[in-house]
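The block underneath contains the structure these notes are about, expressed in structure tokens.
The values are calculated or read from the model by the stated rules, or taken from the named source; none is laboratory data. On a predicted model such as this, the values are computed, not experimentally measured, just so you know. Every residue, glycine as well, gets a Cβ built from its backbone with ideal geometry; the counts of neighbours run over all protein chains shown.
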Amino acid sequence: MERLVILDLSAAGGTGVNLFIDKGDYLDDPVSLTYPRVGDLVSLKKKKRERTQLFKQDLTRAYRQIPFDIGDVFLVGYAWNGHIYTDTVLSMGFRNDELDPFSAVHNIISLNLSSNFLSLDINTYYTGVFQNLKYLQYLDVSNNSNANKSYYCPDKVFQELSSLQNLSIDGVQNVTFGKGFSTLTNLTMLRITGIAVKRVINREYFDNFPNLKHLDLSATSEWRNISDFALTNFEKGALQKLSKLLYLDISYHRKLRMCGFINVTNDLPKTSIRILKANYLECERSVSTVLFVEDVKSLNNTKLEELYLDGNNLEETDYLVPRYLPQSLKYFSARDNRWVINRYAYFYISGLTGIKTVDLSFQNKHQFSQSKNAWLCSEVFHETTHCICDRVPDYVNESSFLNVGLHKDILQASKKIDKNPLITSCIPYDATLFELALIPVKTETIIIESAKVGENFPPIYFSTSSVKKISLRNNQIYSFTGPICNLTELQHLDLSSNRAVDISSYVFGSLIGLKHLEIDNNLLGNSNIFHMNKSVFIFENQTNLMFLNMSSNRLSILFRNFLFSSSKLNIILMDHNLLTDWNISIYHMKDLQFIDISWNQILYLSSEGMNLLEHSFHLNTTIDMSNNPFECSCNSIYFLKWLQLHKKHFKGFDDYSCTYLHKSFDIPEANIYLKKDCYSYVGVIVSAAIGIIVFLAVISSMIIYRYRWKLRYWYYIFKGAYGGDRVKTECNFQFDVFVSYAEKDRWFPKDYMIEFLEKQGALRLCIHDRDFIAGSAIAENITNAIHNSRKFVCVLTNNFLKSKWCMYEFNMALEDIVVTRQGRNSIIIVQLSSTDVRNIPREMRYIMNEDTYIDYPEDEGDRVIFWENFERDLKF
């Protein structure tokens, strides 16, 4: 009975399989066992020819290909069930006995080794591992050290990367960035992932990065293990030495909270900061927080341009906060918080003279949080009471909030424009009648979407006219009353998805620069104004409007002059309403491109509705009438035929249908059935008569079209008084050769044919640029010249085939062969460049197949023979 050998390859008590295999005994026989090293395999591979592949066989069912070099990483794989699969991670480190790492790719600029198992330890990052990467500028070794244990950061190894500019690396426990990094003078961008340095960024953490401009500490994968990978403290002074820092992102450290934010801002005056992102520093389910003056006071001494405070559970703001934000600030984002807009919240925001964009969208949606990992950051780690108390400012009397002088300034400014008739509803400004919106003087964009801004849109006066875009979509504004004053430069306004049920005729009266307006997904059809003539005044002053969206508003009727002033409209969206006809005049809209009246209640359009829409057909305007309940009846037959007749103007026409006799038919089928049932005998006779006339006209047109070239030829022949029976002889031609060529190819006859055939070959060429008679029609010149030329040369190129006059000359030459030359071919085709055979007309292909055509040679030596043979053929 044969022995059964079972090997236990588990690593129960050590670090590798080989440690548990007896190297001195095999089946009770003494042996001397050594294992091949990677270096042995490299030596073996060097002896073989190139592209030899080596495999390491651990088990009969598993193979690992040896990665000799990082440049061959795509070869790393394993075999399974007859197939070889490529690994997504490296199977071993960089070390190799025989081959220096990266020796084959020492010129690379960018190297991405992220999300592997290249742990920060001395065995992986040994001395010399990067010695061949002198030109490397971008290195990503992040997300490799994910275990909750101590690591080693070999700063001396990174000294070899003298050209490094951008580094992404794990900032894990017990790892500091030593003096070795200070030698990387080109390193300006640093991204640190998985921060868990005892959950603290200490004062010395960035001391060896003096040239950093871009620092990304954001924990985008913070839910991986929030207990081990969460920053809780950012010590003051940690950023003070980064004098060149322009960009800082500390987002998604939910344990840092707003309490830690103040330590970050404290250091920023010592930097050159331009962009600061501090998003989502609070747990989703934690209590609301407050933004105090001390949190941002230090920023007033910076040149900060962009500030992001999204998702920080901010419910209130110290009313003095805007005063301490730098005037250099251009973009401010506080999305996904819990703020409620009130008259004091942004009182001093008008002092931010540089700000251009404010985004306060998605407020108060914390109770609807959809994050499945929110429980990982719960109130167990709640913000302590003293954290808030230490940041609360001294009490300020409410009376100091009011700024009477500002109201006086606005009143004085409004009186200066009281002669403008377009905004009379806004003049003069009265603090008792208008809500005052305090806006920084250079603000261009205001975004407050999904922020639960509610109630009526009152008479409101904006403190500055610089705003160009406002988006208030998806709020709870139930009425658009207005007027909206002092926004004469506003171009884009979005009030969609507010469920508004009313609108006034003067709400947009002063928005004279408006180009893009969205008021869709409201309930404006319930407003009485659309049943009164004064609805035509809603857009009375919108002479620059180009885009209008009024979809999903339950609109049932609109008056003819509703958009009379908006002559520049490109797109009109009226879909998902209750319209039964088209009543709006559009003849004055010269730039109209698209009208959407799909998903309405249109059974069929009236004659007036069809006439109104026809005014846009000459502009190739597209109209969408899909998903309307079209009626198939004798009442709608003219509409259905009109649809089919102009189907090219209707988007998705092939999907239009109507119901007839309890069956659904597409429009062409419906017209066939209705024609039988709805037309009288008189109609049939009239139709037959019209059909006969049309038929004769078509036949006549076909005959004329069939013989168009012959008719044209005879017309110019008789006009020139040549006579149709004239037989050509060798002695009565005015020209030896008529040359037909495209204008873009004129260089060939001008520079070559005249030189070789006229000057050297004594042939008389007819070149239309030179020999056509001034004052005569082009077609007459062509016919006369061909008639008086012994040969017709066609310089064939793609340009020739695209030219209508070249094709006209060719067809006239064909007719001349039949009429005056007794069928003798006088056409010679010179193919100057390769052409697509599919574009060559049938008659020309016939000549090229039956008679030899000439290819113009590309070789200079062959061209001498070409011109000699060409001259001989023309004289023959």
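Among the residues of the range 813-829, is any of a type in the set (S, T, N, Q), assigned by TED's automatic domain parsing to the domain that holds D751, over 17 Å from C766 (Cβ atoms) and in contact with a helix residue (DSSP H, G or I) (Cβ under 8 Å, 6 or more places away or on another chain)?
Yes: one or more hits.
Is it true that L555 is aliphatic (A, V, I, L, M), in a loop (DSSP other than H, G, I, E, B) and under 21 Å from N498 (Cα atoms)?
Considered against the rule, which asks whether it is aliphatic (A, V, I, L, M), in a loop (DSSP other than H, G, I, E, B) and under 21 Å from N498 (Cα atoms), L555 comes out as yes.
Please work out which one of (1) closer than 16 Å to N233 by Cα; (2) at pLDDT below 85; (3) of a type in the set (A, V, I, L, M, F, W, C) is the condition V321 fails and give its number.
The single condition V321 does not satisfy is (1).
If you scan the range 810-839, which residues turn out to be part of a loop (DSSP other than H, G, I, E, B), under 52 Å from the mean Cα position of the chain (by Cα) and either modelled with pLDDT of 85 or more or closer than 19 Å to V739 by Cβ (or both)?
L832, S833, T835
Just wondering, is there one or more residues in the range 522-540 that are modelled with pLDDT under 95, out of contact with any Gly (no Cβ under 7 Å at 6 or more places or on another chain), assigned to a loop (DSSP other than H, G, I, E, B) and under 21 Å from I447 (Cβ atoms)?
Yes, the range 522-540 contains at least one residue that is modelled with pLDDT under 95, out of contact with any Gly (no Cβ under 7 Å at 6 or more places or on another chain), assigned to a loop (DSSP other than H, G, I, E, B) and under 21 Å from I447 (Cβ atoms).
If I ask for residues that are of a type in the set (V, I, T) and either surrounded by fewer than 19 Cβ atoms within 10 Å (Cβ to Cβ) or more than 16 Å from D494 (Cα to Cα) (or both), which ones from the range 454-476 would you list?
Kept after step one, since they are of a type in the set (V, I, T), are these residues of the range 454-476: 460, 464, 467, 470.
Scanning the range 454-476 gives I460, T464.
Going residue by residue through the range 486-502, is there one that turns out to be modelled with pLDDT under 90 and in a strand (DSSP E or B)?
no
Out of (1) in a loop (DSSP other than H, G, I, E, B); (2) over 23 Å from S567 (Cβ atoms); (3) charged (D, E, K, R), the odd one out for K590 is which?
(2)
Within the range 564-575, restricting attention to residues that are surrounded by fewer than 20 Cβ atoms within 10 Å (Cβ to Cβ) and touching a Phe, Trp or Tyr at 6+ places or on another chain (Cβ under 7 Å), which residue is modelled with the lowest pLDDT?
Selected residue: S565.
Regarding I786, is this residue on the phi < 0 side of the Ramachandran plot and not in a helix (DSSP H, G or I)?
no
V197 passes all but one of (1) in a loop (DSSP other than H, G, I, E, B); (2) modelled with pLDDT of 80 or more; (3) in the same structural domain as D249 (by TED's automatic domain parsing); which number fails?
Condition not satisfied by V197: (2).
Need the failing condition index for N337 against (1) buried (at least 23 other Cβ atoms within 10 Å of the Cβ); (2) touching a Ser or Thr at 6+ places or on another chain (Cβ under 7 Å); (3) at pLDDT 85 or above; (4) not basic (K, R), just the number.
(2)
What is the number of the single condition among (1) closer than 21 Å to K534 by Cα; (2) out of contact with any Ser or Thr (no Cβ under 6 Å at 6 or more places or on another chain); (3) surrounded by 19 or more Cβ atoms within 10 Å (Cβ to Cβ); (4) not aromatic (F, W, Y) that S585 does not meet?
(3)
Among the numbered conditions (1) crowded, with 20+ Cβ neighbours inside 10 Å; (2) touching a residue at least 40 places away in the same chain (Cβ under 8 Å); (3) part of a loop (DSSP other than H, G, I, E, B), tell me where D295 comes up short.
(3)
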